[in-house]
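Reviewing the structure listed below.
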Amino acid sequence: MNGAAVANALLARAERLIEKAAVRGLEAEVYLEQGRGLDAEIEKGVLSGMNAHGSGGGAWRVIQDGRLGFAYFADDGKAIAALDAALVLSRLAPAKGFHFPAPSKATTLPSRWDGAIAEPDPAALLASAKALIAGAREAEPKLQVSGGGAGLSWGASALANTHGVRAADAATMAGASVSVILEEGESAISTGEMQSSHRFDLDPHAIGHKAGATARSLRSPKPARAGVADIIFRPEACMELVAGLAVAAATGDEAMRGKTMWSGKLGQAVANPALSILDDPLDPAALGAVAFDDEGAATRRIPIVEKGVLRNYLFDGWDAAEHKQASTASAVRGGWTARPTTDTHHLTVEGPSSDLDKLVAGVEEGFLVESVLGAHTANETTGEFSVTAPNVWRIHKGALAGAVSDIAIGSDLSTMLRNADGVSRERRRMDGASIPHIRVRGLDVSV
């Protein structure tokens, strides 16, 4: 199975469907999606089974008298009925002055297709899942492997509109994850590890071993001290707390309505002058790199915060039309049954970088935080948050000094970005992001 052939076949279907809308004189867009996968699942320390899955379908958007209608369909035989339904629904929508984009030249990305994933060997997938378990138990024999698994999948999408946009893509993905629990008396340590790749090149034993080693390093936590402390956030926590809040603050529709902490602040300093946050969908090493967004607009590198200054709000075509702005090609769909919304494609954080060990060495007293709970409750208007960190290590005189009990961190996004003075060279590449550790000075910690 060839990725280009899969994408081209899907695009041919989209072209046949859009022609049926064009001959009726409609302004329309059709989006198609198809995918297959195979998972080997772990439950309570054993392989609990294999699961083959697949999905596919499409959606129309149609504009009539300036009004947008949307409807989706599960197979091409029902596509015209869905087009008619979208036309009916458009009559109920407000007129917004929105139009589908014209063709634009997209960057050609390297292939992200691996035949070993597209046509998986079940025995190799089972071996990967077993290696996850073995690696975790080798690192810490007393732990329980509570869940996780290995998975191989491929996905393709295609889009065509009556203005001449034609776009298609296909990629494979391998994933491996493991969750572990280490009981200590009446308490338990819970952690995990996961990695993904477009290639069948993951090391599941190493992934499991890392999860087990993390659990072991969190044993016998000592009480933490409250006060003001420097904190290094691991990529998982950084994604939740720093990157997640920044994207929410820069979402154009909300920002233009005065609903985020960055409303009205374009061109102003909002972070440490050395810090940048950007959407880089053309990074060839990205998981989820895309040459065009889910409205068919060519993507580009978009600096959100550039050397501390807020440079751009993010817009899909619909939000851009609403606020008389230009689209930043930031349309993202959550599947073929979903309308496109504004989001990032491949978020990354950049700044003064050094090895993680050197970031730690620069902290006299502080904490290394694995993850946070409660970031979703942050106030998007003010950027204020209060989160709990369950897995934490103390940093004392520039070195890790063992695990400590849970801490609570209270601050706001402005303070965090202003006080962030370093990021690690080590990065976690996840689907849709490449995130480093980030060091933040002087945050309020309670216990």
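The values are calculated or read from the model by the stated rules, or taken from the named source; none is laboratory data. Just so you know, these numbers come straight off a predicted model, no measurement behind them. Note: ideal-geometry Cβ built from the backbone for every residue, glycine included; neighbour counts use all protein chains shown. Heads up: the accessible areas ignore ligands, DNA and RNA and are worked out on the full protein's heavy atoms, side chains in. Shrake-Rupley method; radii C 1.70, N 1.55, O 1.52, S 1.80 Å.
Would you tally the net charge around L47, using a Cβ to Cβ cut-off of less than 9 Å, leaving L47 out, and scoring K and R as +1, D and E as -1? Mind dumping the intermediate values first?
Details: positive: K130; negative: E41, E43.
Residues close to L47 contribute a combined charge of -1.
Tell me the per residue accessible area of region 77-202 using a 1.4 Å probe; a whole number in Å² is fine. Each step should come with its number before you reach the end.
Working: 5810 Å² over 126 residues.
On a per-residue basis, 46 Å².
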With angles folded into 0 to 90 degrees, how steeply does helix 122-139 sit against the dominant principal axis of the chain? Use alpha carbons for both and round to 10. 20
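Take peptides 7-16, 96-105, 269-278 and line them up by average Cβ neighbours within 10 Å, highest first, as a rough protection proxy. Write out the running numbers ahead of the final one.
On the way: 7-16: 17.2, 96-105: 14.2, 269-278: 20.0.
Packing order, densest peptide first, comes out as 269-278, 7-16, 96-105.
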Going by Cα centres, region 14-87 and region 111-176 are how many Å apart? 22
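Lys and Arg at +1, Asp and Glu at -1: add these up for the other residues within a Cβ distance under 11 Å of G410 and post the number. Each step should come with its number before you reach the end.
Values: positive: none; negative: E384, D412, D444.
Residues close to G410 contribute a combined charge of -3.
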Packing-wise, with mean Cβ within 10 Å as the measure, how do 398-404, 309-315 rank, highest first? 309-315, 398-404
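Might you report the magnitude of the Cβ-based charge dipole of region 45-177 about its Cα centre, with Lys and Arg at +1 and Asp and Glu at -1, to the nearest 20 debye? Walk me through the numbers on the way to the answer.
On the way: 11 positive and 10 negative charges, 96 e Å.
Around 460 debye, computed over region 45-177.
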Rounded to the nearest percent, how much of the accessible area of region 86-191 (1.4 Å probe, protein heavy atoms only) is carbon and sulfur? 54
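Do any of K142/K210; K20/K96; K96/K265; K96/K324 go past 18 Å between their Cα atoms, and which?
K20/K96; K96/K265
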So how tilted is helix 3-22 from the main axis of the chain? Cα-based, degrees 0 to 90, rounded to 10. 40
